[in-house]
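Step one of this worksheet: look at the structure below.
What follows draws every value from the coordinates through simple rules; no lab data is involved. Fair warning: this is a prediction, and the values are worked out from it, not measured in the lab. Quick reminder, even Gly has a Cβ in these numbers, built from the backbone with ideal geometry, and neighbours come from all protein chains shown.
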Amino acid sequence: MRRTLAFALLLLVADPDLVRGQAQSLPQPHGEIILTVTGNIEHKNSEAGAIFDRAMLEALGTQKLRTSSDWTDGTVEFEGVPARAVMAAVGARGTTLIASALNDYQVEIPISDFENYPVLFALKMDGHELTVRDRGPIWIVYPRDDFPELRNEKVNSRWVWQLSGLTVE
Amino acid sequence: MGLAAQRVDCGVSSIRGKRPTYLVLAAALVIFIASLANTGLRLIRIDRDIAEGFGENLVWTVVQGEIELLRLLDALDRLGSETAEPQEVIRRYDLFWSRLRIMQEGEVGARLAAIKRIGDTVSSAAALLTELEPEISALVPGDSSRAEQVRERLRQLQPRLHDASVWTAQAELDRSAAHAQSRREVLFEALLYLIGLFVAALLLVGLLIRELRQTRQLTQLARLAEAEAKRSEQRFRDVVDAASDWIWETGPDHCFTFISEQLAALSGEKPEDVLGKARWQLRLPDDLDDSNWSKYRAAVEAHEPIRNFVFPYRDRKGRRHFSRVHGKPFFDTDGRFLGYRGTGRDITAELEAAQEIAESRKLLRAVINAVPAVINVKDSQLRYVLMNEFEAQVYGVAAEEVIGKSSVEIAGGVFGEESRELDRRVLATGRPLPFAEREFTDRHGVRRFWWSAKKPLLDEAGAVRYIVTAALDITQLKATERARSNLSRYFSPNMVDVLAGADEALRTVRSHDAGILFADIIGFSQFTTTERPEQAFAVIREFHARMARIVFRFEGTLDKYIGDGLMASFGTPRPGRLDATHTIQCARAMAQEIADWNAERVARGQHQVRIAIGAHYGPVLLGDIGDERRLEFAVLGETVNIASRLEGMTRQLRVPVVVSDALIQMARRESEDGALAIGGFANAGVHSIRGMATPLVVWVMEEPAPTEAGLALPR
C-alpha cells in the first residue's frame, strides 16, 4: 500500500500531464464499455466505478510490445495501454487485482507486476483491433521475451484475454 | 567379482589382475551415471508434459466450449421469449467463436487435433458458426421461430462437443496415466540405476580401500625388505671389510670384474690396477713354476672349483708375497658360465712362519744330534719317539729305526730293564729324576759311566705325555775326577786343563830347573795364644788365600800348605822362560800384599802379621807319587831344602825376604833389563846354610811400605 503510494507520488512528480489529467475527473464513455474497474479506486465515473470505452483507454496513451506467446504463432506485435497508466487513471489503492474475462475466467494479479514490468492492456495485435472472437477486446500481455522470469505457467495464467473487469483490492 | 580372495603376498600380480575389474566398474559407473542423467532428463520432460497438460487444461478448454455453446443456446432461447438483447446473443456467439478458435489455434489446437475426431468436431462447429453468422446478425428480439431455427441447428453441436469433452478428458486421463506410468517406470529405472551406481561405487570404494591397505602393507613389506637388504648388505660389507682375505670375481673371459678394497691394504695395489686382467697376466717374470700355472689354467678353463692355488706376486714396494686363492665357478640360470667368485689371502707370513718352523725344527734336530750326549724322548708307552745320533752310535743303531721300540729292545738286558724301571717311576710320579751316575757296559764290552736325568713332558691335563732322557758319558770324567780335583788345588786354573788332558806326561818322572818359594807367618804361635782359635784360623785362611792368588798370578804351582806356611814352585810341571823372574816377582808381591794387609789390620785395630819368604832356583825332581785313582804330584830335591833354609834365615837377617844369588842371577839372565827384575833386592853377602857344605851369597829385601791402595782401604 505504502509502496503504491510512493509509486504514485513518484509518477505525480515525474509526469506533469498525468498530474493535470488526474486533476480532472474521469470522462464519460461514449462508445461500448469494454472495461469496468471497481474496488478500492479514487477516481470513478459511474456508480459501479470507473468505466472505459476503447477511446478512453486509447486516450491514456498507447505503447507497442513485441513478444511471443503460447497462444500465438511466433512473435507478434501488441499495441495497447500500459497497465500502470490505467491504474493511475483510476487511482488504484491496493496491492491485488482480480481480473475477470467475458468467458467468466478470473485470476488474481499483483499490482506490483505492473510496477516491475511494462505490462500492456493490449487492444491491437499485429495492427488489427482485437475482437471477442480473437481474445479481444482487451488482452493482458506480459513482456515475456524481455524478461525470462515471466516465462512460466503462473504468469501465463495472468495473460487474461477478453478482459472485461478489474477489481482493486 | 572374485576379488575377495586376493592376498597381499600375491603382490604386483593381484593389482595387475584387478585392472579389468576397475575398467568394468568404471564403465558401469559411467553407464549408470549417464543412464541416471538420461532418466532425469526423461523425468523432467514427463513432468513438463504433465505440467503443460495442467497449465493448459485441454479438457477445461473443451468443456468451456461446450458451456459457451449452452450459454449461446440459452441466450437464443431468451431472445425468442424477448427477454434478451440481440447483442447478448452476438456476444455469446462471439465468445463461442472465440472458444472454437482457441481450440483450433496454437498449442491447444495442435494437441486437440491429435485427439481422434475432435478436430472434425471443432472444424465442423466452426463451419456451422460461419454459416450461421448472417442469421445471427439478423436476429431480432421476439422472433422466436427464427431464433429457434438457429438454436436448433446449434443444438446439434452440443452432444458432439460433449462427446469431444469426454474424449478429451479420456485422452487427458490416458495421457496422465501414461505419464504416471512412464514416470513410475523412469523412477524405477532411476532407482535401479541408483542402486547399481551405489553398488558399483561401494565396490569401487571397497576395492580402493583394499588396494590402499595392500599398498600400505606392500610398502611396509617393501620397506622391511629394503631395510633387511640394507642390513644384509652391510653385514656382507662388514664381513668383507673385517676379513683379512680379499674377495674377487672374474668374468667369462677369466678377467677380473671385481676385487675388494682389502687388496690395497695387502699389496698396495688398487682394484683398478688388476681389473680387466686375467690372473695369469699378473704372473711374475721370475715365477718359473710352469706346472703350477698350467694346472691352474686347466682347472679354470674346465670351470672346476679352484682350491689352494698359491702363486707369488710383488707388491708396490717390490716385496715378494705369496697369495693363496680359492674360487668357485658360477653360472646363470641357463647353465652358462659367468665366471668365478672367490677369496684370496696373503699367505706370505704363513709360508715364512712355516718355513721358519721347518728351519727351526731342522736346527733343533741338528743341535740335538750335535750334542755329545744321549738325548731321547719316549712316549707314555715307553717307546722311543726320538733318539739323537750320539745315542744311536752308542747303541750301534740308526736313529730312525728306534722309533716305536722299547729301551729293552735297544739297550737290552740289565741296563734296558733298569732304564725302563726309571721311566716307569717318572711316569707314575710325574716328577723328574735328577742327574745321577749310572753304569753301563756297551756292546763292545766297554764299561761306561752315564750321568743321566729324566724329565716328564706333561700334556694340558697334567698327565705325562713324553719322557725326556739326557745322559752324559762320564766314563772319561770319572777317571780323572779325583786327580782333577787334586790338581785344581795346586795348579793355577789355566794349567789344570792342560795337565788333566795330558796326564801321561805327569806320570813320567823327570828333572829340570825350577824356582822354589817358601812363605810362612812369623810368630803364629803368638796368635794362637792371644786370639780365639776361630780368629787364628781365619787369619791363616786369609793368608793362604791371599798368597795362593799371588802364586797363581805368576803362573806358579802351589805345591802344598805346610801348617801356617806354604810352598810354591815356578816352572813345574813344565819349565817356562821366566820361572826365576816369576819367583822373584811372587816374593816381592807377597811382601807387598802383607804390608797392605797389615795397613788394613792396623786400621781395624788388629795385630800385624809378619811374613818370612825364602826362594831359590835350581834343579828339582818331578813325579807322580799317587796310585791310579789318586794323582799325587811331587817336587823333590836339594833346591827345595835350600829354599826352606833361606826362609828360616829371614829371622836372623831381620828382613821379610831372603833369596839365593842363583835365583837373582837366573832372573837377570831371563830378562832384558836385569836391574829391573831384581829391583828391591840387595846383596847381603855370603852366609853359611845349615846342613850345607858350602856357604851361599844371599840377597834380601826390606819390608815395603803399604801401597796407597792398601792404605785407602779402611773398612
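Some points to look at:
- Dividing the mean sequence gap of close Cα pairs (under 8 Å, 6+ apart) by how many residues chain B holds gives a relative contact order of 7 percent.
- With Cα atoms defining each centre, the stretch A:121-169 and the stretch B:285-319 are spaced 118 Å apart in the structure.
- Ordering B:ILE102, B:PRO456, B:VAL397 by the projection of their Cα atoms onto the charge dipole of the protein assembly as shown, which places +1 on the Cβ of Lys and Arg and -1 on the Cβ of Asp and Glu, puts B:VAL397 at the extreme positive end.
- Under 17 Å from a label point set 7 Å out along the Cα-to-Cβ vector of B:THR707, the amide N atoms of the stretch B:584-613 belong to B:584-601.
- Proximal aspartates and glutamates to B:LYS317, defined as alpha-carbon separation beneath 13 angstrom and excluding residues fewer than eight positions away on the same chain: B:GLU269
- With neighbour counts taken as other beta-carbon atoms within 10 Å, the residues B:TRP60, B:TRP248 rank, fewest first, as B:TRP60, B:TRP248.
- Sequence of B:VAL657, B:VAL539 once ranked by neighbouring C-beta atoms within 10 Å, starting from the fewest: B:VAL539, B:VAL657
- Neighbours of B:GLY318 by Cβ distance under 13 Å: Lys/Arg scored +1, Asp/Glu scored -1, total +2.
- Taking 23 Å as the straight-line reach from the Cα of B:LYS378, the lysines in range (excluding those fewer than 8 positions away in the same chain) are B:LYS362, B:LYS405, B:LYS454, B:LYS455.
- Residue among A:PHE114, A:PHE147, A:PHE52 with the largest mean-square fluctuation in a Gaussian network model of chain A, springs linking Cα atoms under 10 Å: A:PHE147
- Cβ-Cβ FRET estimate between B:ARG223 and B:TYR22, R0 fixed at 25 Å, reported to 0.05: 0.45
- Per-residue Cβ neighbour rank within 10 angstrom, fewest leading, B:VAL551, B:VAL62, B:VAL446, B:VAL385: B:VAL446, B:VAL385, B:VAL551, B:VAL62
- Principal-axis tilt of helix B:118-137 within chain B, Cα atoms, nearest 10 degrees: 40
- Legend: mean number of C-beta atoms from other chains within 10 angstrom of residue C-beta atoms, peptide B:92-98, equals 5.
- Segment B:VAL697..B:GLN608, full-extension length gain: 29.0 nm, with 0.36 nm per residue of separation and the alpha-carbon distance subtracted.
- Cα-based helix-to-principal-axis angle, B:290-301 vs chain B, degrees rounded to 10: 20
- Structure-based [θ]222 nm, chain A - -39500 (n - 2.57) summed over DSSP H runs of at least 4, per residue, nearest 500: -6500 deg cm²/dmol
- With a simple spin-label model that places each label point 7 Å from the Cα along the Cα-to-Cβ direction, the separation between B:ILE522 and B:VAL367 comes to 6.0 nm.
- Label point distance in nm, B:SER81-B:ASN38, each placed 7 Å from Cα along Cα→Cβ: 6.5
- For the protein assembly as shown, share of DSSP beta bridges that run antiparallel, in % to the nearest 5: 95
- Neighbourhood net charge (10 Å Cβ-Cβ; Lys/Arg +1, Asp/Glu -1) for B:TYR384: -1
- Antiparallel content of DSSP bridges confined to chain B, in %, to 5: 95
- Stretch gain in nm, segment B:HIS321-B:HIS444, where the contour uses 0.36 nm per residue and the Cα spacing is subtracted: 38.7 nm
- Centroid-to-centroid separation of the stretch B:527-544 and the stretch B:393-440 [C-alpha atoms, Å]: 53
- Efficiency of FRET from Cβ geometry, A:THR131 and B:VAL140, R₀ 30 Å, rounded to 0.05: 0.85
- Within a straight-line Cα-Cα reach of under 16 Å, A:LYS124 can be paired with the following lysines, leaving aside sequence neighbours fewer than 8 residues apart in one chain: A:LYS64.
- Proximal charge balance of B:GLY416 [Cβ under 11 Å; K/R count +1, D/E count -1]: -3
- Chain B: C-alpha gyration tensor shape, a/c 1.5 cut-off, then a/b vs b/c: prolate
- The order of the peptides B:410-420, B:528-538, B:675-685 by mean Cβ neighbours within 10 Å, most packed first, is B:410-420, B:675-685, B:528-538.
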